[in-house]
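Here's the structure, in structure tokens; my notes come after.
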Amino acid sequence: MMMMDSGEKRLNELGYKQELRREMTLFKTLAISFSTMTLFTGITPLFGSSLQYAGPASLVWGWVVVSFFTWFVGIAMSEICSSFPTTGSLYFWAAHLAGPKWGPFASWCCAWLETIGLVAGIGTQAFAGSQVLQSIILLSTGTNKDGGYLTPKWLFLCMYIGLTIIWAVLNTFALEVIAYIDIISIWWQVVGGTVIVIMLPLVSLTTQSASYVFTHFEKAPEITGITSSAYAVVLSLLVSQYSLYGYDAAAHLTEETRGADKNGPIAILSSIGIISVFGWAYILALTFSIQDPKYLYDPSNETAGTFVPAQILYDAFYGRYQSGTGAIILLFIIWGSFFFGGLSITTSAARVVYALSRDGGVPFSSVWRKVHPTRKVPANAVWLCAAICILLGLPILKVNVVFTAITSIATIGWVGGYAVPIFARMVMKEENFKPGPFYLGKARRPICFVAFVWICYTCSVFLLPTLYPISWDTFNYAPVAVGIFLTLVMLWWVLDARRWFKGPVRNIDQGSEHDGIDVQNDNIDVHVRNRNGL
């Protein structure tokens with residue numbers, strides 16, 4: 001008889017039977033987690049705006065500051081992941097850690113924050129990936145100065161939708177396909193990132209001085225409309241705050257990972273460590289290689305002033321070789337990172353929707369909770385996420401700040417979802433917590449406190465206007481979108497869901513109580529299932 005995996009054993013103790021295929025190794029889980037964070041996908045699209053707000057010093061040192069606080073969040077989440085290795089991850093953690101009284105409400109809030117954050121996260125990858133593809137097409141057809149083709153909005157939207165559909169199609173195949181693609185992803189980014197970080201400064205005819213990179217502070221009020229130095233610094237950190245999350249992807253796959261109570265935390269912390277080092281190196285390579293800071297934003301330059309990293313790459317290679325071919329090749333490497341990142345986020349988003357549907361927390365749960373009988377993947381949940389992502393991108397045709405809004409929604413939802421279980425872990429009684437192999441002991445309260453405060457700060461700054469004066473073209477509509485979404489979710493809770501949503505619903509008949517939460521009785525289980533057509 002085969003010995004039961006430690007992660008499966010803990011899953012059974014929590015009241016869930018093993019339904020998904022548990023064959024992910026630590027390396028595969030790390031690959032997916034790292035691919036979700038990705039080396040290029042956060043830094044590349046926001047590098048130009050962050051550099052413009054306050055100059056290179058704030059951008060470079062901001063990454064260090066954000067990385068420092070990110071470790072607190074990652075450590076706090078690793079302890080919880082070690083104790084609760086379930087696909088439901090964050091919202092499951094919130095339900096158990098908040099106790100029987102507040103558990104259902106905490107679970108409800110966390111689940112919906114995480115869901116909208118992950119679905120919007122797919123959109124950020126599709127949008128930024130389309131931006132890179134737009135630059136590749138422009139440079140490949142002659143540059144903006146030589147009659148190159150700059151894709152119009154309708155074609156940009158088609159690229160956005162196309163990427164989303166490709167990720168959904170790939171996620172309907174067997175999990176092994178996704179896992180191996182993500183192994184390619186981690187090597188693609190590590191090798192490709194190393195090549196870019198080393199090659200770019202070497203190719204550049206001139207490089208910026210260390211004093212410029214590490215100490216130069218410069219606002220651009222004539223462009224951004226921001227005159228306050230403190231405000232400019234806060235906005236310059238957005239690139240780092242947007243880039244340094246997504247490490248919870250390992251937690252979404254714990255029901256498919258061997259030894260998840262140990263390997264889940266290792267994957268989370270390893271992802272943070274790798275991206276912290278490589279991300280800073282990438283920022284330094286781009287900043288040192290700038291030829292003319294003002295020319296980067298000129299609408300008459302080779303990239304039409306649309307994508308600062310593309311212009312930095314072009315200036316470096318054209319200055320050295322009188323050709324932009326090298327820039328196109330490196331842009332393709334960066335585009336690959338967006339492709340892999342979107343694929344991984346689609347995987348994570350579908351797992352969260354599946355887990356929430358399994359517990360009756362999504363309209364028409366009977367549809368979204370279905371697992372393909374042979375491929376063992378939640379295919380319906382995958383396509384639901386893709387459809388919502390496409391709807392989020394439709395304003396591309398009329399609105400110029402779509403990426404700002406989608407990025408803000410993704411960060412607020414995704415990172416905001418982290419805050420609920422971390423706060424619950426901080427205030428709960430220690431005797432109600434069953435620790436896993438990764439346990440913080442007495443250090444858990446100060447670590448959780450720092451993590452919670454940092455998350456609150458991060459969510460707040462993504463609600464701020466990013467350009468002044470505020471108009472329809474510059475308005476960050478994320479506060480409106482998030483506000484409407486949260487209002488609807490809270491109204492649904494108050495008027496209806498609080499009567500039947502009890503958090504995670506067990507599918508194994510266990511004892512009467514576990515980890516401070518009463519097992520849902522048969523009447524509640526039947527009521528939830530009947531309500532959702534199960």
Residues in region 306-328 that are outside any loop (DSSP other than H, G, I, E, B) and buried (at least 16 other Cβ atoms within 10 Å of the Cβ) total 14
Exactly one of ALA57, ALA111, ALA31 is at pLDDT 65 or above, over 30 Å from VAL191 (Cα atoms) and surrounded by 19 or more Cβ atoms within 10 Å (Cβ to Cβ), and that residue is ALA111
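Pick out the one residue from ALA128, ALA76, ALA106 that is surrounded by fewer than 24 Cβ atoms within 10 Å (Cβ to Cβ), in contact (Cβ under 8 Å) with a residue 60 or more places away in the chain and aliphatic (A, V, I, L, M).
On the way: ALA128 fails: surrounded by fewer than 24 Cβ atoms within 10 Å (Cβ to Cβ); ALA76 fails: surrounded by fewer than 24 Cβ atoms within 10 Å (Cβ to Cβ).
The conditions single out ALA106.
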Condition set closer than 30 Å to LEU284 by Cβ and surrounded by fewer than 20 Cβ atoms within 10 Å (Cβ to Cβ), scope region 168-187, selection modelled with the lowest pLDDT: answer is ILE183
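Name the residues in region 479-528 that are of a type in the set (D, E, K, R), at pLDDT below 80, outside any loop (DSSP other than H, G, I, E, B) and surrounded by fewer than 16 Cβ atoms within 10 Å (Cβ to Cβ), would you? Steps first, answer last, please.
Filtering region 479-528 for residues of a type in the set (D, E, K, R) gives 496, 498-499, 502, 506, 509, 513, 515, 518, 522, 525.
Narrowing further to those that are at pLDDT below 80: 502, 506, 509, 513, 515, 518, 522, 525.
Those left that are additionally outside any loop (DSSP other than H, G, I, E, B): 513, 518, 522, 525.
Answer for region 479-528, where residues must be of a type in the set (D, E, K, R), at pLDDT below 80, outside any loop (DSSP other than H, G, I, E, B) and surrounded by fewer than 16 Cβ atoms within 10 Å (Cβ to Cβ): GLU513, ASP518, ASP522.
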Scanning region 437-455 residue by residue, the ones that are in a loop (DSSP other than H, G, I, E, B) and either farther than 19 Å from ALA98 by Cα or open to solvent by less than 20 Å² (accessible area, probe 1.4 Å) (or both) total 2
Problem - SER344 being crowded, with 17+ Cβ neighbours inside 10 Å and either in contact with a Lys or Arg (Cβ under 9 Å, 6 or more places away or on another chain) or touching a residue at least 12 places away in the same chain (Cβ under 8 Å) (or both) - result: yes
Residue hits (region 419-436; in a helix (DSSP H, G or I) and either open to solvent by 70 Å² or more (accessible area, probe 1.4 Å) or among the hydroxyl-bearing types (Ser, Thr, Tyr) (or both)) are PHE423, VAL427, GLU431, ASN432
Subset of region 194-230, residues in contact (Cβ under 8 Å) with a residue 40 or more places away in the chain and more than 26 Å from LEU330 (Cβ to Cβ), comes to THR215, PHE217, GLU218, LYS219, ALA220, ILE223, THR224, GLY225, ILE226, SER229
Only unsatisfied item for MET2, checking (1) over 20 Å from ILE272 (Cα atoms); (2) surrounded by 24 or more Cβ atoms within 10 Å (Cβ to Cβ); (3) modelled with pLDDT under 80, is (2)
* Asked: Is region 405-412 home to any residue that is surrounded by fewer than 24 Cβ atoms within 10 Å (Cβ to Cβ), closer than 19 Å to CYS110 by Cα and small (Gly, Ala, Ser)?
  -> no
Among residues of region 456-478 being in a helix (DSSP H, G or I) and either touching a residue at least 24 places away in the same chain (Cβ under 8 Å) or open to solvent by 70 Å² or more (accessible area, probe 1.4 Å) (or both), the residue nearest to ILE223 (Cα to Cα) is VAL461
If we keep only residues of region 216-249 that are under 12 Å from the mean Cα position of the chain (by Cα) and of a type in the set (A, V, I, L, M, F, W, C), then the residue modelled with the lowest pLDDT is ALA249
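Would you confirm whether any residue within region 297-305 is assigned to a helix (DSSP H, G or I) and open to solvent by less than 30 Å² (accessible area, probe 1.4 Å)?
So in region 297-305, the residues assigned to a helix (DSSP H, G or I) come out as 297.
Still in the list and also open to solvent by less than 30 Å² (accessible area, probe 1.4 Å): none.
No; the residues of region 297-305 include none that is assigned to a helix (DSSP H, G or I) and open to solvent by less than 30 Å² (accessible area, probe 1.4 Å).
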Conditions (1) open to solvent by 60 Å² or more (accessible area, probe 1.4 Å); (2) free of Cβ contacts under 8 Å to residues at least 40 places away in the same chain; (3) in a helix (DSSP H, G or I) -> ALA381 fails only (1)
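The values are calculated or read from the model by the stated rules, or taken from the named source; none is laboratory data. Just so we're clear, the structure is a prediction, and the values are computed from it rather than from any experiment. Positions of Cβ are backbone-derived with ideal geometry, glycine not excepted, and every protein chain shown enters the neighbour counts. To get the accessible areas, we keep the full protein, side chains included, count just its heavy atoms, and leave off ligands, DNA and RNA. Shrake-Rupley method; radii C 1.70, N 1.55, O 1.52, S 1.80 Å.
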